[in-house]
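Below is one structure, written out as structure tokens; comments come after it.
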Amino acid sequence: MRKRRISTFILLLLSSALLFSFPAEAQTKKKGKDEKEYVKPAMFQGISVGIDLYGIGKKLIGNDTRHYEVSIETSLWNRFIPVVEMGYAEADALQESNAIHYTSKAPYVRIGCDYNMMYKKTHLPGYLFLGLRVGYSSFSYDVESPDMTDPVWGVTTPCKFLDNKCKAAWTECVAGLRTVLVKNVAMTLSVRYKNKMKVTQLVNTEPWFIPGYGKGTSSSSFGIVYSLSYKLPF
């Protein structure tokens, strides 16, 4: 009796699988007829210049940190997208708990490449992409806090560490979406996972902010780039 129930159950599974396989196969064949045959495009697909709107927005709302960034990229076979991102970042933060004032201004650069995950779907107005970046910044920063007075001897020591020179390098993993708004104009939103590679070690302080990276006290962080780009006509 038990063997009969098992065999009946197996037969039901097989019949169900056959029933669902016929529509799926028909749908696949129909989709294949509707799809256009992929034709590999020319290697050079143009150059685009972009500006990051997210950094400008941070300045407008009065954030402690802000940046101004432009990017230059090209497209190879509509598949590989080498890119250079250059910017200038500022930090002006005051911690109310201990009255420590941190300031820094410096340029930065990131070099990398994106991969168009939908390179065969050239008829679509946009695409998803993944990418990698390597970033670098050589900068200086100032740290100031109220003077410290020895309660026993009454000696006052100034707490100012000015012009601390530092160098930092990091990597970024990128995932994003690009959409064409009108001819030659596109909007791109990307999320970055950043990981510090090397930072100059100083004796008295550490950089609270690294231009192009973000909070220097974290070994990893997330970032957002929301840019508007224009494809140069050739």
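For Leu76, indicate whether it is touching a Gly at 6+ places or on another chain (Cβ under 6 Å), at pLDDT 95 or above and farther than 14 Å from Gly214 by Cα.
It is false that Leu76 is touching a Gly at 6+ places or on another chain (Cβ under 6 Å), at pLDDT 95 or above and farther than 14 Å from Gly214 by Cα.
With respect to Met197, is the statement that it is loosely packed, with under 14 Cβ neighbours inside 10 Å and assigned to a strand (DSSP E or B) true?
When the stated conditions are applied, Met197 passes them.
Taking the condition surrounded by fewer than 14 Cβ atoms within 10 Å (Cβ to Cβ), in a strand (DSSP E or B), in the same structural domain as Ser97 (by TED's automatic domain parsing) and modelled with pLDDT under 95, does Leu181 pass?
It is false that Leu181 is surrounded by fewer than 14 Cβ atoms within 10 Å (Cβ to Cβ), in a strand (DSSP E or B), in the same structural domain as Ser97 (by TED's automatic domain parsing) and modelled with pLDDT under 95.
Condition first: farther than 14 Å from Thr205 by Cα, part of a strand (DSSP E or B) and either hydrophobic (A, V, I, L, M, F, W, C) or at pLDDT below 95 (or both). Now tell me which residues in the stretch 155-175 satisfy that.
Selection gives Thr156, Thr157, Pro158, Ala168, Ala169, Trp170, Cys173, Val174, Ala175.
For the stretch 84-116, which residues satisfy the criterion of being touching a residue at least 60 places away in the same chain (Cβ under 8 Å) and among the aliphatic types (A, V, I, L, M)?
Ala89, Ala91, Ala93, Ala106, Val109
Pull up the stretch 95-127, narrow it to residues that are of a type in the set (A, V, I, L, M, F, W, C) and surrounded by 13 or more Cβ atoms within 10 Å (Cβ to Cβ), then point me to the one that is farthest from the chain's Cα centre (by Cα).
Ile100
Keeping to the stretch 200-234, report how many residues are assigned to a strand (DSSP E or B), of a type outside the set (Ser, Thr, Tyr) and either in contact (Cβ under 8 Å) with a residue 40 or more places away in the chain or in contact with a His (Cβ under 8 Å, 6 or more places away or on another chain) (or both).
Summing the residues that are assigned to a strand (DSSP E or B), of a type outside the set (Ser, Thr, Tyr) and either in contact (Cβ under 8 Å) with a residue 40 or more places away in the chain or in contact with a His (Cβ under 8 Å, 6 or more places away or on another chain) (or both) in the stretch 200-234 gives 8.
Only one of (1) under 24 Å from Asp114 (Cβ atoms); (2) charged (D, E, K, R); (3) in contact (Cβ under 8 Å) with a residue 24 or more places away in the chain fails for Lys183. Which number is that?
(3)
Can you confirm whether Ser229 is under 25 Å from Glu96 (Cβ atoms), surrounded by 15 or more Cβ atoms within 10 Å (Cβ to Cβ), of a type outside the set (Val, Ile, Thr) and touching a strand residue (DSSP E or B) at 6+ places or on another chain (Cβ under 7 Å)?
Spelling it out, it is not the case that Ser229 is under 25 Å from Glu96 (Cβ atoms), surrounded by 15 or more Cβ atoms within 10 Å (Cβ to Cβ), of a type outside the set (Val, Ile, Thr) and touching a strand residue (DSSP E or B) at 6+ places or on another chain (Cβ under 7 Å).
Is there a residue being among the aromatic types (Phe, Trp, Tyr), modelled with pLDDT of 95 or more and closer than 17 Å to Asn204 by Cβ anywhere in the stretch 129-140?
Among the residues of the stretch 129-140, at least one is among the aromatic types (Phe, Trp, Tyr), modelled with pLDDT of 95 or more and closer than 17 Å to Asn204 by Cβ, which makes the answer yes.
Limited to the stretch 173-215, what total is found for residues that are of a type in the set (D, E, K, R) and in contact with a Phe, Trp or Tyr (Cβ under 7 Å, 6 or more places away or on another chain)?
5
The values are calculated or read from the model by the stated rules, or taken from the named source; none is laboratory data. Everything quoted here is computed from the prediction, not taken from an experiment. Cβ: placed from backbone, ideal geometry, glycine included. Neighbour counts: every protein chain shown.
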